[in-house]
Amino acid sequence: MARKIKENSNIAIIGLGRFGMSLAMHLSNNKRKIVCIDKDEKKVKEVLKYCDYAFVTDDLSQENLEELGIKNCDIAVICIGESIDVSILATLNVCSMGIKKVYAKATSEEQGQILEKLGAEVLFPEKDSADRLANRILSNNILDFISLNDKIDISEIKLPKKYIGTAVKDCNIRKKYGLNIIAIEKGEIINTNIDPDYVFEENDAVVIIGNRTEIIKFEEQ
């Protein structure tokens, strides 16, 4: 077992099944610190390749989680979808700590409804892949993400503030970044017939397709 956390860690991953391990791997190339928890010592040793802190424990009580330093995290992901009672208890205890953002994996709609009532954003592994979640966690502006291959993504992004009040044709997003806008979302309305004279408004989101590196550059504005 790794040493106890002595500094703030950005992301806690509780449960190192296929989803949790994949999430840790996707997040490992970024500077944000990760702490992982699982009852399986072999998995904890394996995940230390991707994080500085990892703990072997099956005690997911609030007291023990606080003792391990989970309360210092900004984001927690509960990846224990199969053991419903353990998943619910862990989610309840993590949400009770006041962590800013809690994601929890569910294997059924009923489990998802319970987790949502506890205060978590629910993940269904059949449609929420670890790499999609990693991109949502790592960006404040990416709302959703689909990878077409190793280089090309489709991303739904909160419109950077600098473009509010600017017409689509004047943004030059294709010229500057090589990105194409394929939809504009306003609330529940999605418009795929892009009018070049449309003027972007606050709270607009755009769905764009293009090179992953250029999407990140655009989003970071």
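The values are calculated or read from the model by the stated rules, or taken from the named source; none is laboratory data. Values in this document were obtained by computation on a predicted structure and should not be read as measured data. Virtual Cβ from ideal backbone geometry, glycine too; neighbours counted across all protein chains shown.
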Test set (1) among the acidic types (D, E); (2) free of Cβ contacts under 8 Å to residues at least 12 places away in the same chain; (3) surrounded by 14 or more Cβ atoms within 10 Å (Cβ to Cβ) - E188 fails condition number = (3)
Please go through the range 84-105 and pick out each residue that is hydroxyl-bearing (S, T, Y) and part of a helix (DSSP H, G or I).
-> S87, T91, S96
Run down K39, K33 and say which single residue is closer than 16 Å to S87 by Cα and of a type in the set (K, R).
-> K39
Scanning the range 60-85 for residues that are among the acidic types (D, E) and either in contact (Cβ under 8 Å) with a residue 60 or more places away in the chain or under 13 Å from M97 (Cα atoms) (or both) gives E63, E66, E67, D74, E82
Options K175, K162, K217; residue that is surrounded by fewer than 11 Cβ atoms within 10 Å (Cβ to Cβ) and in contact (Cβ under 8 Å) with a residue 40 or more places away in the chain = K162
Hey, could you check the range 196-214 for residues that are assigned to a helix (DSSP H, G or I) and surrounded by 14 or more Cβ atoms within 10 Å (Cβ to Cβ) and say which is farthest from the chain's Cα centre (by Cα)?
-> E214
Is one or more of the residues making up the range 142-151 at pLDDT below 75, touching a strand residue (DSSP E or B) at 6+ places or on another chain (Cβ under 9 Å) and outside any strand (DSSP E or B)?
-> yes
